[in-house]
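Everything below concerns the one structure shown next.
Every read-out reported here was derived from the displayed coordinates using simple, explicitly stated rules and does not represent laboratory data. Just so we're clear, the structure is a prediction, and the values are computed from it rather than from any experiment. All Cβ positions, glycine included, derive from the backbone under ideal geometry; neighbour counts span all protein chains shown.
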Amino acid sequence: MNFQVAICLPDLLRGTRAFPEGFFDLIREPILQGCGLDIGYPPESKKASGLLPGFDLDYFRSLVYGEITDPVDAWLTSYYTLPDGAAEYLKQYLPSECLILSFEMPPWLSQACIAWNIPFIDIRPSPLRFGRDLYIALKTNDSTIHERISQYAILNEELRLEASYLAASINMHQQRLNESDRYKFSLDNCLVFVGQAPYDASLITEKGKSLRCSDFSEQIRALASTRKLLHKPHPFAPWAADEERKSLEEITGQTVEPCYQNAYQILSCEDDVELLGISSGLLQEAAWFGKSSYQLFRPFVPLTKEGLFSGSDYQQIHFHRWLSPSFWHLILTPQKTPPRLAEITSLAHHHARQTFDQWWDYGKVITWEKSLAIESFERSGGIALRQRIEELENQHSMIIRGKNDYISFSDIEGMILTSGHASFVIAGYEIKFDLSNRHERAYAVRQLLNVRHPQSDIDKFIFQRFLRDSDSVLDAGANIGVTALECLESGAGKVLAVEALPALYERLCKLRSHRIVPISCAISSSIGQSDLFISTSHNQGSSLNPEMIGIFPTVFGKNIQKVQVQLTTIDHLSDQFGAFDVWKLDIEGGEVDALKGATRTLKSCPPRIIIAELYDLFYDEFCSIIKFTHPYAYRAFISLEYYKLEILPVVKGLPKGVHHTSPMYIFSRTPLLN
């Protein structure tokens with residue numbers, strides 16, 4: 001081992017930065033204190049990277065992409081093998097005598113390091129997540145570093161103890177529930193298929209294919225021939241569950257039901273249950289609980305056997321050890337003076353889980369029907385929220401659903417909490433509202449009391465009027481998912497919910513509906529990346545279009561905030577997911593660009609109806625693009641007198657006798673009757 005500098009180098013082709021940069025940020029200071037080495041920052045950061053000056057990441061990616069326009073396709077096809085030109089370009093910017101630190105290092109990079117005789121350490125979360133805190137998995141191509149890491153490696157005896165502690169806690173709690181006739185279940189003679197997110201790197205083959213259960217039809221059919229097959233979908237990819245479950249049914253001929261038990265309920269139970277999957281880490285956990293599992297593909301983090309060195313296996317260490325300067329000093333520079341501080345004082349329970357906010361099914365174990373979690377909710381506002389809801393319910397008798405007498409949201413807004421959360425069910429799926437946002441308070445009260453709120457009611461009225469049973473809907477600007485759920489409630493079969501703002505996309509993913517497919521992108525005229533200007537006054541209104549800042553300055557504030565997001569087009573989405581019957585475009589000034597990226601789709605399979613929120617500045621250009629496919633344009637209103645949807649020809653100004661809402665337009669291929 002011979003190195004003078006250490007640099008951090010993640011997967012340069014994968015479109016995510018949060019995890020890699022978070023892991024590097026955590027060890028930067030420990031390595032500096034323990035070894036005197038500054039690892040710098042990844043090439044995508046605004047701060048100085050460890051590569052030599054002049055490295056151009058965009059140029060490197062262009063050498064990889066070639067004729068490929070979709071970054072995801074480029075990542076898949078080059079995951080194992082990098083084009084020679086791109087590899088040579090990267091090599092010339094690597095410092096001599098360097099050590100590479102990577103996070104979930106792609107095979108092309110590890111193979112290049114071996115060929116170039118460069119030592120590396122690859123860092124990954126361990127697939128064994130049943131301990132009191134997360135473990136860190138480390139792999140290296142250097143036998144000396146491997147031997148030094150092994151001094152800190154977690155023993156099998158500790159893993160067996162951790163599994164037994166967790167199983168004892170779960171079984172005691174489950175027995176208590178059984179004795180009170182609550183939440184009983186049996187998994188005897190079941191085979192649970194453990195699903196994965198379709199974008200998971202562990203599913204990629206050497207040929208650049210992302211594996212699906214249909215690639216293992218014969219094995220699945222044989223294993224399920226004597227057992228009832230259940231499906232446990234991946235918690236971060238609920239939109240893929242329906243397709244995966246349908247594929248399992250076609251393979252086995254069984255009706256495949258969802259498995260509602262969390263991972264550790266399955267592993268800890270006394271039932272005769274087995275697990276099956278492609279490469280999920282849960283399959284590696286099964287053995288520690290005495291359960292059988294069948295892995296159809298190789299594990300993403302293969303764990304080393306004690307005392308053996310392998311260039312492809314990982315050793316596990318404790319999270320707190322991984323954060324200590326003394327650990328890095330011992331494995332990288334033991335010849336130097338030891339650090340003044342070996343490690344910080346003992347870390348809190350679940351420190352790694354809290355740092356990364358990654359709990360997986362362990363979070364269900366420690367909160368499910370546990371009195372501390374319930375009491376924490378009660379004493380942190382739950383009681384007050386319940387009392388306030390009861391007050392609102394008591395006023396329900398005051399509401400008269402008549403021609404002129406009704407209560408609107410503004411009448412009772414002052415009685416509603418402005419903090420905390422409230423959950424309701426729409427179209428059979430639970431959604432949680434953040435009461436600190438005014439429009440979400442309106443949604444919550446509307447669900448509870450059916451009060452009138454024209455700004456949110458107009459979307460629902462439009463969906464009820466124009467959606468047909470089993471329609472496929474493109475919901476561009478899906479926000480937290482209310483409109484997507486209302487589309488389902490109005491008869492839609494499936495909704496592609498496109499949302500660019502990461503925080504809102506995360507909330508979309510929590511809807512747990514297999515009929516809603518969340519997409520983390522902004523719709524525009526071309527595929528790529530762009531700045532999204534963030535609404536700071538509330539979580540609606542973020543826009544790609546800088547003109548919107550001038551139209552709504554109070555929405556964006558004095559200090560403009562922005563985030564870079566991925567761009568896609570309607571043409572690309574239609575190629576991926578098929579044609580849509582209805583488009584709903586509410587993308588804050590981006591509607592014209594959305595049409596420019598939909599030219600092929602408009603010619604070959606135009607939607608029946610386009611619903612668009614359009615401001616005057618963009619209306620004429622939008623109509624000029626759409627006039628040949630959707631020549632009939634209307635403006636939607638809610639009438640003051642009868643509080644019902646009115647579809648009127650487009651005229652300048654606001655007609656008399658209607659509620660004021662955002663400008664909503666309907667574009668149709670045929671004339672509409674009001």
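Of the beta bridges in region 560-648, as assigned by DSSP with both residues counted there, near 50 percent are antiparallel.
In region 453-668, Cα pairs under 8 Å separated by at least six residues give a relative contact order of 19 percent. Every Cα-Cα pair of region 453-668 was included, and the share exceeding 25 Å stands at 35 percent.
Net charge dipole, the chain: roughly 680 debye, given to the nearest 20, about the Cα centre with Cβ charges of +1 for Lys and Arg and -1 for Asp and Glu. By the combined test of axial Cα extent (at least 30 Å) and Kyte-Doolittle hydropathy (mean at least 0.0), none of the DSSP H helices of the chain qualifies. Projecting the Cα atoms of 382, 479, 328 onto the charge dipole of the chain (Cβ charges, centred on the Cα centre) puts 382 farthest toward the positive pole. Dividing the Cα radius of gyration by the Kirkwood radius, what Rg/Rh value follows for region 468-530? Rg divided by Rh gives 0.99. When the Cα positions of 496, 637, 590 are compared along the charge dipole of the chain, 637 comes out farthest toward the positive end, with charges on each C-beta of Lys, Arg, Asp and Glu.
Beta bridges assigned by DSSP with both partners in the chain are antiparallel in approximately 45 percent of cases.
Where both bridge residues fall in region 162-295, DSSP classifies roughly 5% of the beta bridges as antiparallel. Listed by chain and number, the lysines whose C-alpha is less than 19 Å from the C-alpha of residue 656, apart from same-chain residues fewer than 8 away, are 403, 644. Straight-line reach from residue 603: taking Cα to Cα under 20 Å and skipping same-chain neighbours fewer than 8 places apart, the lysines in range are 584, 627. Where a Cα-Cα gap under 17 Å defines reach, which aspartates and glutamates qualify for residue 139, not counting those fewer than 8 residues away within the same chain? Within the straight-line limit of under 17 Å, residue 139 reaches these aspartates and glutamates: 11, 104, 122, 147, 306, 313. Strictly over 27 Å apart at the Cα level, which of 232/562; 46/596; 47/91; 91/562; 460/510 would you flag in this model? Checking Cα-Cα distances, 232/562; 46/596; 91/562 exceed 27 Å.
By the helix-only formula, in which each DSSP H run with n ≥ 4 contributes -39500 (n - 2.57) and the sum is divided by residues, the chain has a 222 nm mean residue ellipticity of -10000 deg cm²/dmol.
Compared with the rule-of-thumb size 2.2 N^0.38 Å for a compact globular protein, region 619-674 has a Cα radius of gyration ratio of 1.18. Simple rule: put +1 on each Lys or Arg Cβ and -1 on each Asp or Glu Cβ in the chain, find the dipole, and look at 277, 655, 99; the Cα lying farthest toward the positive end is 655.
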